[in-house]
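Undergrad: Quick one: this structure, given as structure tokens, is what I'll be asking you about.
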Amino acid sequence: MAQSIEAVTELSRPADRGERLRRFVDTFGPFITVGAILLAWELMARQQIVTPFLLPAMTTVAARIGDDLISGRLLLDVALTLYRAFAGFAIAAVVGVALGLLIARFVTVRWFFDPIVSFALPMPKIALMPIFMLWFGLFDMSKILMVAFSLSFQIVISTWSAAHSVEKELVWSARSLGASDRATLWEVVLPAALPQILTGLQVALPLALIVALVTEMIMGGGGLGDTMLQSARYVDSPGVFAGIVEIGIVGYGCIAAMGLIRKRLLAWHQESSNGGTM
Amino acid sequence: MSAPATAVPGAGAAAPGTGISISRVGYEYRPPRGRPVLALENISLDIKDREFVALLGPSGCGKSTLLYLIGGFMPLQQGSISVNGRIVTAPGPDRGIVFQSFALFPWKTVIQNILYGLEKRGLPREECRRRAQHYIDLVHLRGFEDSYPSQLSGGMKQRVAIARTLATEPGTLLMDEPFGALDSQTRTIMQDELLSIWRRSPMTVIFVTHDVREAVLLADRVAVMTARPGRIKALVDTRFSGAADSAEVVRSREYADAVDHLWTLVREEAVAAGAGGRP
């Protein structure tokens, strides 16, 4: 509340030049940066500093993205990649958060899982892809499970530390108000740890896209990763660059959506009034 | 609910089965690394039903530890504690607690915070609402029912915490330096309000503080604890006859004498604690 009052007084004050510049940069800064990069790209390609094969013109790539959009290929690829990434992400989120909470709350669960998690966390999970291919085939199943497996451990760890740092007074208050051990876990520890848990999920989300893309590149079966690799095989340079831009936009969209979800879930949290990007 | 308005000070030992009985309690903190620390040693204390007792001592003397053991939040290692004839083994709604850090549920509004304990008791919705509103009025927070804790001042947060605990009508109220985080004006107001609430409701109160004046002003009896390991050093009666208004109490001769006496007792321990080489 105090913050909104501050903001109002800030606006009603006659804005000096520095203030106005700052507000301009706040609003349009990102567009200026992106515009400058695109312009530099186009100029470099037009000057033929490198061959169009190494760097196709920005407009050529944009036209390719437009074509893909009209033909419907882009939507199909994005849908496939997102389906695999989100399905795996969802499995990892449910398993990881539940396990993280249980580990934080029950010593026996911690004893059992601590060595497993400690060993698996630093390991490059993608190394298991050949085994996943043998076990689960080359279709969606193995890709989704690969994503889920890659994300689970770090979500367990971030949830564990989030639940661990919930102040004991909060838990004790709930217990003395008559909440059972189990009710305390879901009704108090989970919401109290939610801001940090969501941060962990936000860190894991880009990894879901990375793993989905890599599995598509290796196993095929459609999706942005598969299409990009096909383009490279056919020496179709604009196709590869189009893929890079497309996955970039998709990734940005995912992060922005996650930020919105966070704001909705944490309306009670002080940070929601601070207007951070994450 | 049909109770005399004030507790009777100075009456004999607690009747069997009522009040709180602490017997030969010891407690040792055992950190995963490093040496164990003896926090409490051989504590015995009987608290009568509806008595207001302050635990007073230098910081780190284990007074909060004793409170948490009465609350059942930590497993008892030595001795036994019974509340109204029942041995304490776990936390329960018969022993409400108020912390210095408020410990409100920040994702719940004021009224939702207060409703939480009521809903756990399985009362009908209408009854929950009615009671929650009653306790919101009692702590003068009408109009803030739908505010979140982050929108409230420290004093208001502590009012919510007190209302949340009182709403479940615990027989015993445990308070862990509840006013320690408040500015001195707010603290004075809250002390008065706590006294007036306690006089009207049948509750035993155990109040942890390191503020001598606060202890003398609020409590029927003050238990002075020694520096670590905590033991009961002295029990001092501090309920003065006659004076009803705390402003009047503060000006009285008896109050000044009691503060002086207790301050001497506590200062020895604070010095001892300081010499104990704590960081």
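The values are calculated or read from the model by the stated rules, or taken from the named source; none is laboratory data. All of these numbers come straight from a predicted model, not from anything done at the bench. A quick note on method: Cβ atoms are made from the backbone with ideal geometry, for glycine too, and the neighbour counts reach across all protein chains shown. Each accessible area value is taken on the protein alone, full model and side chains, heavy atoms only, with ligands, DNA and RNA left out. Shrake-Rupley method; radii C 1.70, N 1.55, O 1.52, S 1.80 Å.
Undergrad: Quick check on residue B:90: is it at pLDDT 90 or above and on the phi > 0 side of the Ramachandran plot? If you could, list the steps in order and put the result at the bottom.
TA: Values: at pLDDT 90 or above: yes; on the phi > 0 side of the Ramachandran plot: no.
It is false that residue B:90 is at pLDDT 90 or above and on the phi > 0 side of the Ramachandran plot.
Undergrad: Please identify the pairs in which a residue from the range A:162-174 that is facing chain B (nearest Cβ under 8 Å) and closer than 21 Å to residue B:167 by Cα has its Cβ atom under 6 Å from the Cβ atom of a residue that is assigned to a helix (DSSP H, G or I) and hydroxyl-bearing (Ser, Thr, Tyr), counting only partners at least 6 apart or on another chain.
TA: Hits for this filter: A:174/A:184.
Undergrad: How many residues are open to solvent by less than 70 Å² (accessible area, probe 1.4 Å) and either part of a loop (DSSP other than H, G, I, E, B) or not acidic (Asp, Glu) (or both) when one looks only at the range B:121-143?
TA: 12
Undergrad: Determine which member of the set A:82, A:39 is in a helix (DSSP H, G or I) and either of a type in the set (Phe, Trp, Tyr) or closer than 30 Å to residue A:145 by Cα (or both).
TA: None of the other options fit; the residue is A:82.
Undergrad: Scanning the range B:239-262 for residues that are at pLDDT below 80 and among the polar types (S, T, N, Q), which turns out nearest to residue B:194 (Cα to Cα)?
TA: B:246
Undergrad: Against the condition over 19 Å from residue A:249 (Cα atoms) and in contact (Cβ under 8 Å) with a residue 12 or more places away in the chain, how does residue A:85 come out, does it pass?
TA: no
Undergrad: Of the conditions (1) over 18 Å from the mean Cα position of the chain (by Cα); (2) among the hydroxyl-bearing types (Ser, Thr, Tyr); (3) open to solvent by 20 Å² or more (accessible area, probe 1.4 Å), residue A:158 fails just one. Which one is it?
TA: (1)
Undergrad: Considering only residues that are farther than 11 Å from residue B:55 by Cα and of a type in the set (Ser, Thr, Tyr), look in the range B:196-225 and name the one that is modelled with the lowest pLDDT.
TA: B:201
Undergrad: In addition: So for the range A:23-31 (the condition being within 23 Å of residue A:246 (Cβ to Cβ), open to solvent by 70 Å² or more (accessible area, probe 1.4 Å) and either among the hydrophobic types (A, V, I, L, M, F, W, C) or at pLDDT 80 or above (or both)), does at least one residue qualify?
TA: yes
Undergrad: Can you tell which of B:34, B:60, B:79 is without any contact (Cβ under 8 Å) to a residue 24 or more places away in the chain and open to solvent by 10 Å² or more (accessible area, probe 1.4 Å)?
TA: Every option except B:34 fails the conditions.
Undergrad: Next up: Of the numbered conditions (1) under 23 Å from residue A:45 (Cβ atoms); (2) open to solvent by less than 20 Å² (accessible area, probe 1.4 Å); (3) not polar (S, T, N, Q); (4) not in a helix (DSSP H, G or I), residue A:242 fails exactly one; give the number of that condition.
TA: (4)
Undergrad: Could you tell me how many of the residues in the range B:172-203 are surrounded by 19 or more Cβ atoms within 10 Å (Cβ to Cβ) and outside any helix (DSSP H, G or I)?
TA: 10
Undergrad: Continuing with this model, one more query. How many of the residues in the range B:152-171 are open to solvent by less than 10 Å² (accessible area, probe 1.4 Å) and among the basic types (Lys, Arg)?
TA: Of the residues in the range B:152-171, 1 are open to solvent by less than 10 Å² (accessible area, probe 1.4 Å) and among the basic types (Lys, Arg).
Undergrad: Could you tell me which residue of the range B:71-106 is nearest to the other protein chains (Cβ to nearest Cβ), considering only residues that are under 11 Å from the mean Cα position of the chain (by Cα) and among the β-branched types (Val, Ile, Thr)?
TA: Checking each candidate, the answer is B:97.
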